Amino acid sequence: MATIYDIARYVGVSAGTVSRALSRPEKVLPDTRRRIEQAAATLGYVPNASARTLKTQRSGKILITVPDIGNPFFAQILKGAEEAAQAAGYAVLLGDTEHQAEREERYAQMLPRNQADGLIVLGHRLPPTAREIVRQLGAKAPVVNGCEFDPTLGIPSVHIDNAAAARTAMEHLYGLGHARIAVVGGPPDNPLHRQRLEGARATALAHGRLELLMPVPGDFSVESGHLAATRFLGQSPAPTAAFCFSDQMALGVLAACRELGIRVPEAFSVVGFDDLASSRYLSPPLTTISQPMREIGVRAARLLLAILRAEDVPRQQTLDFSLMLRGSTAPPPQKRP
């Protein structure tokens, strides 16, 4: 069956242009739209018929796409989703997209081919085929987002309030007396990064310390946290604490502190995000935002299965988070008695 990528190559345009021409034709120049429509007819692209089959045929499988299967954060979500799917008699297919749009699209094409009944996206993008299915089926589209909530996707989601969680982490550091705080973020196009940075900035502004906030780029990995720390710990004046948008990056910051002879928490405090199982066994144990990773997976799978059963369920589910106070945070040296 022809895909939008086939059409894109045939016409010589991007897959995004093809998707817009087929779903929002008013957004595409008439000549381009006409060539895309002709190519779709020539190649036998029939999205409407493909979407309809999703309502009438079942494979007994659901597909979960994950941006990085090597990230332990996703492992607990996948465990929860697998348990919920198995309990309902469904098998789970796993796709590691490695943050690549074309891989995401190839996996999404399994839906109109009836190789999977529904899709749980653990990343923050919807590939063109999934967007087209959502456009055609609306609330009945079997596509759900887990954890990387982006309201612009227009699909059901299970997540925490990331901005509120970031505010909680920052309030903890300000409460200890820290003023100059490094914020180690993720990729700028990632909604988790944007939401957590929004919460961090709002808290800094409320405390009159926005000019002392030090945003530092990262990508949620250990390596990016280590690189970020080697940069901001060498500045003068240096921050006295870091709020990292993932435990993995916090691990990198702790490693950099050890290498530079900076004692944690005596001379520097670190807060992470996620509460991975390893966080409590670090030296010192990591103060972090705990989000219910396994429960996110369970809820996402149950939400998708409810859509497949045509049940009326809440489309947006916001779960609780908590701040786990451990040994990596303390007042800065100048604030101690």
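The values are calculated or read from the model by the stated rules, or taken from the named source; none is laboratory data. All of these numbers come straight from a predicted model, not from anything done at the bench. Virtual Cβ from ideal backbone geometry, glycine too; neighbours counted across all protein chains shown. Areas reflect the complete protein model, heavy atoms only, side chains present, ligands, DNA and RNA absent. Shrake-Rupley method; radii C 1.70, N 1.55, O 1.52, S 1.80 Å.
Summary of values
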quantity: Selected residue (criterion: nearest to Gly252 (Cα to Cα)) from residues of the stretch 282-302 that are of a type outside the set (Val, Ile, Thr) and part of a helix (DSSP H, G or I); calculated: Met293
quantity: Where a residue in the stretch 249-271 is among the aromatic types (Phe, Trp, Tyr) and its partner, wherever it lies, is part of a loop (DSSP other than H, G, I, E, B) and open to solvent by 20 Å² or more (accessible area, probe 1.4 Å), with Cβ under 7 Å and at least six apart; calculated: Phe268/Thr240; Phe268/Ile262
quantity: Per-region count, the stretch 78-125, residues part of a loop (DSSP other than H, G, I, E, B) and more than 20 Å from Asp219 (Cα to Cα); calculated: 12
quantity: Residues (open to solvent by 40 Å² or more (accessible area, probe 1.4 Å) and either within 30 Å of Thr287 (Cβ to Cβ) or part of a strand (DSSP E or B) (or both)) located in the stretch 303-322; calculated: Gln316, Thr318, Asp320, Phe321, Ser322
quantity: Some residue of the stretch 215-225 being at pLDDT 95 or above and closer than 17 Å to Thr287 by Cβ; calculated: yes
quantity: Candidate set from the stretch 148-179 (those that are farther than 20 Å from Ile296 by Cβ and either touching a His at 6+ places or on another chain (Cβ under 6 Å) or in a loop (DSSP other than H, G, I, E, B) (or both)); member that is most open to solvent (accessible area, probe 1.4 Å); calculated: Ala179
quantity: Of all residues making up the stretch 15-25, the number that are open to solvent by 40 Å² or more (accessible area, probe 1.4 Å) and in contact with a helix residue (DSSP H, G or I) (Cβ under 6 Å, 6 or more places away or on another chain); calculated: 2
quantity: Which listed residue, of Arg326, Arg231, is out of contact with any strand residue (DSSP E or B) (no Cβ under 6 Å at 6 or more places or on another chain) and surrounded by fewer than 22 Cβ atoms within 10 Å (Cβ to Cβ); calculated: Arg231
quantity: So Ala238, is it open to solvent by less than 10 Å² (accessible area, probe 1.4 Å) and hydrophobic (A, V, I, L, M, F, W, C); calculated: no
quantity: Test for Gln109: is it under 22 Å from Lys61 (Cα atoms), polar (S, T, N, Q) and open to solvent by less than 20 Å² (accessible area, probe 1.4 Å); calculated: yes
